[in-house]
Every structure is written in C-alpha cells, then in structure tokens.
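Only one structure is covered here, and it is reproduced in the block below.
The values are calculated or read from the model by the stated rules, or taken from the named source; none is laboratory data. Treat the numbers as computed from the prediction; the structure is a model and nothing was measured. Note: ideal-geometry Cβ built from the backbone for every residue, glycine included; neighbour counts use all protein chains shown. Areas reflect the complete protein model, heavy atoms only, side chains present, ligands, DNA and RNA absent. Shrake-Rupley method; radii C 1.70, N 1.55, O 1.52, S 1.80 Å.
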Amino acid sequence: MSGERPLHGTRVLDLTRLLPGSYATLMLADLGADVLKLEDPRGGDHARQLPPLAGGTSAYFTVLNRNKRSMTLNLRAPEAAGILDRLVPSYDVVVDSFRPGTARRLGVDAGAMQRRNPRVICASITGFGQTGPYAERAAHDINYEALAGLLSLAGREPVVPGLLIGDIGAAYQATTQILAALFSRERTRAAAVTGVPEATASSGVPGVPGVIDVSIHDAALQWMVFPAARWLVDGAAEDPRQIPLRGEAAHYNVYETSDGRWLALGALEEKFWVAFCDRVGRPDLARLHDVPGEDQSRALAEVRALMRTRTRDEWQAHFADIDACLTPVYSLDEALSDPHVAARGGVIRQDGVTYIGSPPSAGEGVPGASLIRPAPSLGAHTDDVLETLGIQADERAALRARGVI
C-alpha cells in the first residue's frame, strides 16, 4: 500500500531496558513495525528515571521510545506466564536484554518464547552473550570498551569517550540480524507457496532458527577491525606508516584557532593534503604527508602554530572554494542546526521535542514528522492490549490490584 513503511504489519515485543535494546526497537519502529514495550508496573524501564528530566520524564527515554506503545506486566508474577501465552503468538519478533540466567528464571528466554510461538524471532541483547565464561557478568559500556581494547586507542593513558560505543554497535547488530531473520522467514514462506526448497529463518545462533544472540562486548570488539588490521593479518606490531587515526599526523588532526575554536583536518589522501598545504602557503610541507618520525612531529607543530593565526570562521572562508577535508568542530547546538542536516531531515522538531534521525520515507509526499508518535507514558496501552487478548475490565482491575499489570 502506498505510503506504508517497510515493516508495516510486523509486530515486535520489546522486553528491553536502557539503551541498546531500546535503540534497536526504535529503528524497527521507525521502519514501521508495531513495537509494544513491555515494562514493569513498578516504575517501568529504568531509562524513564535517568536524568536529565524534561517534564518529569527522562530525556533519554523520550528520544529512544518514540513510535512505540507501552504495556505494564510484572514478569515475576505467576500470572505473567499465562498472559505471555496469549500475547506472544501474535508477534513476529521478541527482543530482550536480560542476562541469560535471568531470562530463563522469568520464562522469557528464546526457548520459552518459541514454545509459545514456533515462528517468533527471538533476539537477546546481553553484555557478553549467551555463552562463554563472562555470560552472567554485570558490566556497562565502559567495561566492554575496556575489554575490547577501544580505551587503549588514545595512547598511553586510556580516555573515556563521550559515546556509548558498544551499546550503539550492539543495537545496530541486533537490528541487522532481526531484519535478516525476517527476510529469511518471508523467503521461506514464499518458497513454501511456490514449492521451491528454501532454508528456514536465519539467525545469529548456528543451528537454531530465529534465535539471535547479540553481545555488547562482541559489538565493541567489531570496532577494532580497522585499528587491529595489521595484527589481524600477520600478527605484526603497529606499522608507523599505517593510516594515522590517533592524532599523531599533521594531515589527520584537530587544530585550535585564534578564537579558541577548533577545526578538523582529514586529508588522508595526498591530494587533499597538497591542497591544504598550498592554500595555507606551506607547499614545502606537502612532502611530509606520510613521513613518520621527527619530520611528522615538526609538521604537526608548524600546522598547529599556523592555524592559531586566524579564527575558525576565517579559516572556513579561506577554504570555502576547495576540497581539503577541513571542517569545523561543531558544538552540539551547531551540529543540530547545520543547514545540511536540516535539508536531509536529520532533525525533526515536533510537539516541543527535537528528534535526531528522521524515520525513513514512507513514500512520496509523506513528511518524516508525520511519522513520529511521542514516547508513551508507562502502561498507556495496557488495557487496549489485554482487551484484545480477551481479558475483560474486571479481570484487568484484579490484575492491577495485585500488581501484575
């Protein structure tokens, strides 16, 4: 149907908490999936309480849970299993973020879910995965980054990045694998109709159709494929002439300007470095593009001194007509106000909230803003969902009185 998003008609049951799972199901929701967030009635997703708060609700929760519905269910209550027995058969995907042992105790592990619905795709996003000696360990993004070697990339002293790198990476891995499993399942269904043999739905667990095992630690390790390339190929130590990404080369660095602002130079290819050197009146530095050692240190020092002679805006104007991969280092406000971002629909302002990353186009003439529904209040859709399961008002009232919903 014209105007429908790609995952229209796909139903996702979201049992996740905090960032990785919520971001994964956000991407699915933006693609058109009907995402039902299952939350504990005693406060809901922990992300709801994380500061900073806006209007009594965490800003983090607000931006991560647009386009979703919310239902409350205490998974520890004996009655929860019966409700899940009636709920799960109508869903295509279940996503959880419990540690393996916790998921089994709550009866929401992949095995339990597929007994309720053999065709459901189960994606578990955990710190260290379903197997291995760390599987039941508690950790957060900084720990995964540390174990993956990411914190060592800055040099001798580890630097804590301002981004939750492992969490975001895990969200993308989960989304990718869920989409692949959905595609494979549809291909299997089509094969059954046409009579052409086809494999069952693919998954992230070999030999287990429709079961996806996403580890945040694994996701953090994936970011190391480029820094560790030489070691991965032949086990050799770092080559000083490898592509410089650590701030040691003049042609790939950040520079302070006379007004205390910064510019980023990414002249990896020699042609951009030559263009840069010519424009700043230092063609003699062009030969040092890929020369390590003292010569590179000298070039870096000289470019630093040179860039402090003008303001950031003056340098931008000076380079406006050439490609040298020189850009300003924006503040958050500048980044979100960039005209290119606006032209691409990268930010959407709606009902007093600014959203990053517009939903994909639903078709010609459908503006991205019309595709956004604000994050739901806790349990906003509980009664609607339970009513569709045949649970009447008096029974819902009794469940609510006992703290089940």
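A few notes on this one:
- Contour excess over end-to-end distance, with Cα ends at residue 305 and residue 246 and 0.36 nm allotted per residue: 19.3 nm
- Antiparallel DSSP beta bridges within the chain, percent to nearest 5: 40 percent
- Phi to ³J(HN,Hα) by Karplus 6.51 cos²θ - 1.76 cosθ + 1.60 over the range 325-342, Hz, x for Gly, Pro: 6, 10, 9, x, 8, 7, 6, 4, 4, 5, 4, 6, 9, 4, x, 5, 4, 4
- Extension gain, residue 76-residue 282: 0.36 nm per intervening residue step, less the Cα-Cα distance, totals 67.3 nm.
- Translational diffusion of the range 288-333, estimated by Stokes-Einstein from the Kirkwood radius over alpha carbon pairs at 25 °C in a medium of 0.890 mPa s, is 197 µm² per second.
- Mean projected area of the convex hull spanned by the Cα atoms of the range 258-405, taken over all viewing directions: 16.8 nm².
- Label of the coordinate-derived value, mean projected area of the Cα convex hull in nm², listed as (i) 21.1; (ii) 25.4; (iii) 18.7: (ii)
- Probe 1.4 Å, protein heavy atoms only - accessible area per residue of the range 1-60 in square angstrom: 41 Å²
- Sequence-separation-based contact order of the chain, relative, with Cα cut under 8 Å and 6+ spacing, percent: 19 percent
- Computed over the chain, the per-residue total of -39500 (n - 2.57) for DSSP H runs of n ≥ 4 gives a 222 nm mean residue ellipticity of -10500 deg cm²/dmol, rounded to 500.
- Paramagnetic label zone (point 7 Å from Cα along Cα-to-C-beta, residue 256; backbone N under 20 Å) in the range 280-304: 297-304
- Packing-based ranking of 41-51, 245-255 yields 245-255, 41-51, ordered from highest to lowest mean Cβ neighbour count within 10 Å.
- Modelled FRET efficiency - R0 22 Å, residue 331 with residue 176, Cβ distances, 0.05 increments: 0.10
- Angle of helix 270-279 to the longest C-alpha principal axis of the chain, folded into 0 to 90 degrees and rounded to 10: 50°.
- Residue (of 332, 390, 144) at the positive-pole extreme of the chain, dipole from beta-carbon charges: 390
- Between residue 42 and residue 351, the modelled labels are 3.0 nm apart [label points 7 Å from Cα along Cα→Cβ].
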